[in-house]
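Scroll down for the structure; my scribbles are underneath it.
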Amino acid sequence: AYGTGSNCAATGIATMSLVPHADAGQAVPLASCTSFGTDPLFLNLPGTPQAGGTWLYPDLSAFSGTFDPATDPPGAYAYIVIGSAPCVNDTSFSTITVEQAMDPGLANSVMLCPDAPVLDLLDTLNGTPDNTGTWTAPGGAPFGGTFDPASDLPGVYTYTTSPVLPCPTLTADLTIGLDPLPQAGTDNNLVLCADAPA
């Protein structure tokens, strides 16, 4: 005889598997400068981002993942890691601002006569220096930027830019020398006899 259905044991087996979720890391703000070199953005992502994702420019076009502040635009760069079903994709953003590097120009050396006209130091540097920096005299004291050979001391005058972070502070040196005026002596009168010795 068979028992009633309520006395029969039944077993069901459910097999479950876990699929790791996609991890694109965390969003991060980044500050760059036009004088910086290229920067692989993946290395800046906080968290535990998975490699092998896809990068997009702020306009959503394809991006290599290596940022060049001299040519790439600022904005939000997306990093996308494709999820395995049923997990969804994961995206993080590197939002980059780019500051313009200041140019202090290039070093130069000049030699002046003490009676030379006043010299504009910025015009004397080589290169194309920006006009927003400051000058210091030999010894480090602030200096106005015009050199008067009749009263100012020779030496190394330093021009320093005033950049917006993260751009670095840069300098250029102008070395000024003073060449002493030639001395020809003073006037004199000399009376000689026609039969005097040479």
Discussion item. Step by step: first the residues of the range 12-22, then only those that are aliphatic (A, V, I, L, M) and open to solvent by 70 Å² or more (accessible area, probe 1.4 Å), then the one that is nearest to Val81 (Cα to Cα). Which residue is that?
Written reply: Leu18
Worksheet entry | Given (1) modelled with pLDDT of 90 or more; (2) at positive phi, index of the condition Pro166 fails | (2)
Item to complete: Among the residues of the range 125-167, write down those that are more than 15 Å from Met102 (Cα to Cα), in a loop (DSSP other than H, G, I, E, B) and small (Gly, Ala, Ser).
Response: Ala137, Gly139, Gly140, Ala141, Gly144, Gly145, Ala150, Ser151
Practice prompt. Could you give me the residue pairs with C-beta distances under 7 Å whose first residue belongs to the range 16-32 and is farther than 18 Å from Asp72 by Cβ, whose second residue is among the aliphatic types (A, V, I, L, M) and open to solvent by 100 Å² or more (accessible area, probe 1.4 Å) wherever it lies, and which are 6+ apart or on separate chains?
Written response: Ala22/Ile82
Practice prompt. Could you give me the residue pairs with C-beta distances under 7 Å whose first residue belongs to the range 119-140 and is over 11 Å from Leu174 (Cβ atoms), whose second residue is outside any strand (DSSP E or B) and acidic (Asp, Glu) wherever it lies, and which are 6+ apart or on separate chains?
Written response: Gly127/Asp103; Thr128/Asp103; Asp130/Asp103
Worksheet, complete the sentence: If we keep only residues of the range 117-145 that are in contact with a helix residue (DSSP H, G or I) (Cβ under 7 Å, 6 or more places away or on another chain) and under 16 Å from Gly155 (Cα atoms), then the residue surrounded by the most Cβ atoms within 10 Å (Cβ to Cβ) is Trp135
Worksheet item: Restricting the search to the range 11-43, which residues are aromatic (Phe, Trp, Tyr) and farther than 24 Å from Pro163 by Cβ?
Response: Phe42
Practice prompt. Could you please find all residues in the range 152-163 being small (Gly, Ala, Ser) and modelled with pLDDT of 95 or more?
Written response: Gly155
Worksheet item: For the range 168-188, what are the residues that are open to solvent by 60 Å² or more (accessible area, probe 1.4 Å) and outside any strand (DSSP E or B)?
Response: Thr169, Leu170, Asp179, Pro180, Leu181, Pro182, Gln183, Ala184, Gly185, Thr186, Asp187, Asn188
Worksheet entry | Members of the range 155-167 that are open to solvent by 50 Å² or more (accessible area, probe 1.4 Å) and under 26 Å from Ala70 (Cβ atoms) | Ser162, Val164, Leu165
Fill in: Filter pass, Asp152 being over 26 Å from the mean Cα position of the chain (by Cα), buried (at least 18 other Cβ atoms within 10 Å of the Cβ) and under 30 Å from Met16 (Cβ atoms)
no
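The values are calculated or read from the model by the stated rules, or taken from the named source; none is laboratory data. Model, not experiment: these values are computed from the prediction. As a convention, Cβ positions derive from the backbone with ideal geometry for all residues, glycine included, and neighbour counts pool all protein chains shown. Note: areas computed on protein heavy atoms with side chains; ligands, DNA, RNA excluded. Shrake-Rupley method; radii C 1.70, N 1.55, O 1.52, S 1.80 Å.
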